[in-house]
Structures are given as C-alpha cells and as structure tokens.
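**Student:** Take this structure, written in structure tokens, and hold onto it; I'll ask about it next.
The values are calculated or read from the model by the stated rules, or taken from the named source; none is laboratory data. All figures in this text were calculated on a predicted structure; none of them were measured in a lab. Cβ atoms come from the backbone with ideal geometry, glycine included; neighbour counts cover every protein chain shown.
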Amino acid sequence: MPADTSSQYITALLLIAPTLESGLELELIGNIVSVPYIKMTLSIMEYFGVKTSFIDRIIKVENGQYQPKNTTLKQIGVQLLIFIQCRF
C-alpha cells in the first residue's frame, strides 16, 4: 500500500484486521508520512489485547479479539478518545 495513504484509511484497516481470518499484513511503500498515528493506533490495539508489530515498513496484526478493560481516561489519555471516535 502506498505509504502516503491517509492515516485514517490505514487506521480503519488496522482496526478491522483482528476480525480477519488471517489477520492482516501491510507493506507500506514510499515515504511513510503518518508514523505517529499508526504507532498510536497499534498501541491502543495492543492495550486492548490485539497482537501487532511494526518493523521497518511491514505492519502485522494477528487474528484475534479486542479484550474489554476497565480503565480511566487518565490511564491512556487522548489515545482512547481517538480509538472511540474511530470505532463509531
């Protein structure tokens, strides 16, 4: 996938990836312009129990399920708000 694709599009793919039978592997080609947003999305996914990796230009998300957690906004801050907005 072109690395200059909108971070919202990449995030959408990442968020649904655990529901795919084989998970998802994305290779980003070109200049990656949205690394902070990608890493934030992966961090939130990891927090909720999804296994991910981002090595060099390859993002991998394993098949699995998001795990519910009791948490407060202070624990994960703005990342949770972005996650909620992406889910609805």
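**Student:** Within segment 1-14, track down each residue that is touching a residue at least 60 places away in the same chain (Cβ under 8 Å) and hydrophobic (A, V, I, L, M, F, W, C).
**Tutor:** Once the filter is applied, which keeps residues that are touching a residue at least 60 places away in the same chain (Cβ under 8 Å) and hydrophobic (A, V, I, L, M, F, W, C), segment 1-14 yields only A12.
**Student:** Taking the stated definitions as given, is I59 among the β-branched types (V, I, T), surrounded by 13 or more Cβ atoms within 10 Å (Cβ to Cβ), modelled with pLDDT under 95 and not in a loop (DSSP other than H, G, I, E, B)?
**Tutor:** no
**Student:** Give the residues of segment 1-43 that are among the polar types (S, T, N, Q) and closer than 13 Å to V61 by Cβ, sorted by residue number.
**Tutor:** T11, T19, S22, T41, S43
**Student:** Something else about it: Filter segment 1-37 for residues that are surrounded by 14 or more Cβ atoms within 10 Å (Cβ to Cβ), polar (S, T, N, Q) and assigned to a loop (DSSP other than H, G, I, E, B) and give the result.
**Tutor:** The answer is T5, S34.
**Student:** Here's a follow-up. State the number of residues belonging to segment 1-55 that are among the aliphatic types (A, V, I, L, M) and closer than 16 Å to Q67 by Cβ.
**Tutor:** Looking only at that region, the number is 6.
**Student:** Which pairs do you get when a residue that is charged (D, E, K, R), found in segment 15-39, comes within reach of a residue that is exposed (fewer than 12 other Cβ atoms within 10 Å of the Cβ) and at pLDDT 95 or above, reach meaning Cβ atoms under 9 angstrom, with the pair 6+ apart or on two chains?
**Tutor:** Filtered contacts from segment 15-39: E25/I58; E27/I58.
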